[in-house]
Amino acid sequence: MMISRIAAPLVLAALLATGLVACSPAADPKPNTSAEAPAEEEEEEAPEANGDFTAAEWAKPVTNPGELLTTVKGTNFQVDIYQVGTEEASKTGQFVNPDDNKPIIAVGAEIVYVNYVVTNTSDAEIPLTYSIVDVSARYADWPYLQGMDSVVDSAAFEAMKVNSSAIAPNKGEAPFPFAPGTSFSYGQNFLYQAGSPITFTVALIPSLDNGDLDHDAKQEIKADTKIK
């Protein structure tokens, strides 16, 4: 918090039409039809809060397990990025390699969980859309234009004390008021590559009054670090 398998030639043709085929040796992955649908994340129970944080009124309890990797600071917010831990994937990831049709993340592959704690550091409320503050991770040697693959596993997220999504159920519609001094947290998983350079890209696009994205006020910051 799926579509049927498509033949590789059709997928590659579609990717060429949309400009998504990488210039590097490997093309973008295609959806893994055996992967679990993300819809189950809506039923996930939030882990217990951990740390001295005040959750935004619409957010799940804030958790901050793990070791701090880096902090990304915008003009009115910051994101603390933690490396939580690793485990063997209990399921395949969401994409397959177009060259051999094998899952990019296979069952038993070692994956790492990271957690993002986002805090409003300003004196003013920030209206947010459903996109809230987006954080994406990418290894320096990731061969695809598309973002890194992950495993959808509610029980594993809960065991790691990481929210798979920040917004609590039944909390209304955007814009979501992000009050000064409040926080929210969520995380993700991806293949574990110990010692690998990685870039985290943080993007905050606030909400207009109607809930649409205010692209004119967009902030995007990149932070380079290493997975331990």
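5 Å is the cut-off here: which amide hydrogens, built 1.01 Å from N in the peptide plane, fall below it relative to Glu57, excluding neighbours closer than 5 in sequence?
Long-range HN contacts for Glu57: Ala179.
Relative contact order for segment 126-228: what percent, with Cα pairs under 8 Å and sequence separation of 6 or more? Can you show the working numbers first?
On the way: 160 pairs, mean separation 39.5, N = 103.
Averaging sequence separation for qualifying contacts and normalising by length gives 38 percent for segment 126-228.
What ranking, highest mean first, results for peptides 129-141, 82-94 when packing means the other Cβ atoms within 10 Å averaged over each residue? Display every interim value, and only then the final one.
Details: 129-141: 16.3, 82-94: 19.0.
Per-residue Cβ counts within 10 Å, averaged per peptide and sorted highest first, yield 82-94, 129-141.
At R0 = 22 Å, how high is the FRET efficiency between Glu158 and Ser90 if r is their beta carbon distance? Nearest 0.05 is fine. Intermediate results must be reported in sequence, preceding the final value.
Numbers: r = 13 Å, r/R0 = 0.58.
Computed FRET efficiency for Glu158 and Ser90 comes out at 0.95.
Counting only the backbone N, which residues of segment 190-221 are under 20 Å from the spot 7 Å out from the Cα of Ala168 toward its beta-carbon?
none
For Lys60, which lysines qualify as cross-link partners when the Cα separation must be under 20 Å and same-chain residues fewer than eight apart are set aside?
By straight Cα distance, Lys60 reaches Lys161, Lys171.
Which whole-angstrom value gives the distance between the alpha carbon centres of segment 104-151 and segment 163-228?
A separation of 7 Å, based on Cα centres.
Each value in this text was obtained by applying a stated rule to the coordinates, not by laboratory testing. What you are looking at is a predicted structure, and each value in this text was computed from that prediction instead of being measured. Virtual Cβ from ideal backbone geometry, glycine too; neighbours counted across all protein chains shown.
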